[in-house]
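K.L.:
Starting off with a structure, shown below.
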Amino acid sequence: MEFARRALIGERALAAVALAAALGAAWAEAGTTLAQRRNDGRPWLAWVEARERGSDRPPALLLADYDPSARRLSLLHVPGAALLEPRRTVERAYLDALAAGGDDAAAARAAEDLAEARLRALSPESIPAVSGRLGVELAPRADEDEPAAEAALALKAAARSPRGWARLLRGAARGLARGDRAALEPLLFELELRRVSVENVEAARLPDDALAPDLLGRFFASAPPPDDGRAVTVEILNATPEPGLASRAAKMLKSKGIDVLALGAARARTRTLVYDRVGVFRRAAFVRAALDCPTARAVTRVDPARAVDVSVELGSDCAAAPEPNGSRRP
C-alpha cells in the first residue's frame, strides 16, 4: 500500500512538472514576435548571418521573409559589395564595426542595420519591421556559389540532426534564463520550417540600385505576380569541359515545353545554377525541376540584358545530362 501511494505521488509530481513546463513554454512562446505574427497571419522578418565553416571571411547577410499564411520562406542576399552609402559597402561596414568593437555578432548587427535602412530607401513596397536574428553555418563554399540558395538549404536542414536540435535547445534555454523570450525564436522558426515545402523556399540576390526597386517590390508584395501562361524562355550555358552537354539539356527541357532560345559556354563551375533573370522565381524553380539534376540550385539574379526568363549554367555535378527519354549517358 505504501509503495502504491508513493508511486501515485511520484506520478502526480511528474505530471505537475510536465504541466508547468508546457505552461512555461506556452508563456515564453506567446511573448515572441514570431508567434504573434504567425497567429495574425502576418510576415515575420529576420536577418540571417550565414557563416562559412572554418573560414574567417565576413558572414553573408540575408534577409529572411517568412509568410506563415502561405508557408513560404524568401531569402534575400545582400552582397558584401552592395553599396550602403557612397564608397561604403556592406563588407566595409562589417569590417569597420569589427575593428571598432572586436565582436563578430555586434559587427554583423551593425552592417545589418545599415543594410535594412538601405533596403527601405530602395523598396517601393513597405517593409515590415525586422524583429528576428538567425545564424546558420554553411559548408566551405566556392566563389561561384550563391549564399542565398545554400543558406535556404542549411536552414531547412538545421533541425534534422540531434546536434542541431541540441544547439537550438541550448540557445533557447540560455536566453530564457536571462528573461529573453526572443531567444526562443530560432527554435520556433525551425519548427515552422518543417511545414514549409522545398518548393516554397525562394532565394534571391539583391541587384544594383537601378534594378533593386523592382525586385524589392516583388519580394515584399503580398502575393506573387500572376502567371501569364506563356512558355518559359531559357538560355543554357555549358560550364564544363564535356562537349554537347548544353545540347542534351536543351533536348530535355524542350521535351517538357520549355522554350530554349540560346546555347553557349560559361566559365567553369562545379555547381549547376539556374538563374531567374526577371524576378519571377517560380520560373527558375520549374526549369530546375525539369533538368532532373537534384544538386542544381535555383536563385533570382535579375539581368534584363540576358533577354530570357532563365539562365542555366551547367556545372560538373550535372555533367551526366539526361536524355529526353529519361536515360543517362554513361
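The values are calculated or read from the model by the stated rules, or taken from the named source; none is laboratory data. Note that this is a predicted model, so its numbers are computed, not measured. Positions of Cβ are backbone-derived with ideal geometry, glycine not excepted, and every protein chain shown enters the neighbour counts.
K.L.:
Here are some residues: Ala223, Ala212. Which one is of a type in the set (Gly, Ala, Ser) and surrounded by 15 or more Cβ atoms within 10 Å (Cβ to Cβ)?
P.N.:
Working: Ala223 fails: surrounded by 15 or more Cβ atoms within 10 Å (Cβ to Cβ).
From the options Ala223, Ala212, the qualifying one is Ala212.
K.L.:
Follow-up question, since we're still on this one. Of everything in the range 173-197, what is touching a residue at least 40 places away in the same chain (Cβ under 8 Å) and either over 22 Å from Arg71 (Cα atoms) or not assigned by TED's automatic domain parsing to the domain that holds Arg38 (or both)? Give them in sequence order.
P.N.:
Listed by number, the residues that qualify are Leu176, Arg181.
Results for (1) surrounded by 15 or more Cβ atoms within 10 Å (Cβ to Cβ); (2) under 16 Å from the mean Cα position of the chain (by Cα), shown as yes or no for each residue.
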{"position": "Ala97", "(1), (2)": "yes, no"}
{"position": "Asp103", "(1), (2)": "no, no"}
{"position": "Ala107", "(1), (2)": "yes, no"}
{"position": "Ala115", "(1), (2)": "yes, no"}
{"position": "Arg118", "(1), (2)": "yes, no"}
{"position": "Ala121", "(1), (2)": "no, no"}
{"position": "Val136", "(1), (2)": "yes, yes"}
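Per-residue answers, yes or no, for (1) part of a loop (DSSP other than H, G, I, E, B); (2) in contact (Cβ under 8 Å) with a residue 40 or more places away in the chain; (3) assigned by TED's automatic domain parsing to the domain that holds Leu211:
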site	(1), (2), (3)
Pro243	yes, no, no
Arg248	no, yes, no
Leu261	no, yes, no
Thr270	yes, yes, no
Phe286	no, yes, no
Ala289	no, no, no
Val299	no, yes, no
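K.L.:
Filter the range 163-206 down to residues that are in a loop (DSSP other than H, G, I, E, B) and either polar (S, T, N, Q) or at pLDDT 85 or above (or both) and give me whichever is farthest from Pro294 (Cα to Cα).
P.N.:
Across the range 163-206, the extreme among qualifying residues is Leu206.
K.L.:
Anything in the range 255-296 that is buried (at least 21 other Cβ atoms within 10 Å of the Cβ) and among the acidic types (Asp, Glu)? List them, or say none.
P.N.:
Asp276
K.L.:
Hey, another quick one. Please work out if Ala149 is surrounded by 18 or more Cβ atoms within 10 Å (Cβ to Cβ), modelled with pLDDT of 90 or more and more than 18 Å from Leu73 (Cα to Cα). Reasoning before the result, please.
P.N.:
Values: surrounded by 18 or more Cβ atoms within 10 Å (Cβ to Cβ): yes; modelled with pLDDT of 90 or more: yes; more than 18 Å from Leu73 (Cα to Cα): no.
No.
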